[in-house]
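Just so it is clear, none of the values below were taken in a lab; they were calculated from the coordinates. Quick caveat, the model's predicted, so the values are computed rather than measured. Glycine gets a Cβ as well: all are built from the backbone with ideal geometry, and neighbour counts include every protein chain shown.
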Amino acid sequence: MQVKKDIQFSLYCRGKQLIVDTYLNEFADLRVLIMAKLHLDFFGECGGMGRCVTCLVNLNSDKDEEFACQIPINYSLHNCTIKLIGDRLVKS
Ligand code: FES
């Protein structure tokens, strides 16, 4: 049985855009989805404990910042624009 991917959103990271198609609870949370799609070295260092801040994202505006590790994969993400901003806190 094929599952319909009925949640779509845009993910921006370091000047690049990725259109993500997923479905309800495909991943445990947004952090896990981003790690699976983007394979970023710095991202999600604390494993979703809410301590590292590397998973910080903007949802639809610069004012609404949240931890990706605390965002479930559900229909509230549909048509969202999500920008990864946790890398600004990582020393390169
Ligand atoms: S993964 Fe560390 S705060 Fe979210």
Euclidean distance of C-alpha centroids, region 57-72 and region 15-33, integer Å
13
Multiply the residue gap between Glu26 and Asn74 by 0.36 nm, knock off their C-alpha separation, and tell me the result in nm, one decimal place.
16.4 nm
Figure the gain on full extension for Lys63 and Asp6 (residue separation times 0.36 nm, minus the Cα-Cα span) and round it to one decimal in nm.
17.9 nm
Karplus-derived 3J(HN,Hα), 6.51/-1.76/1.60, for each residue of region 46-59, Hz, glycine and proline x:
8, x, x, 8, x, 10, 8, 6, 6, 9, 5, 9, 9, 10
What ranking, highest mean first, results for peptides 1-12, 49-60 when packing means the other Cβ atoms within 10 Å averaged over each residue?
49-60, 1-12
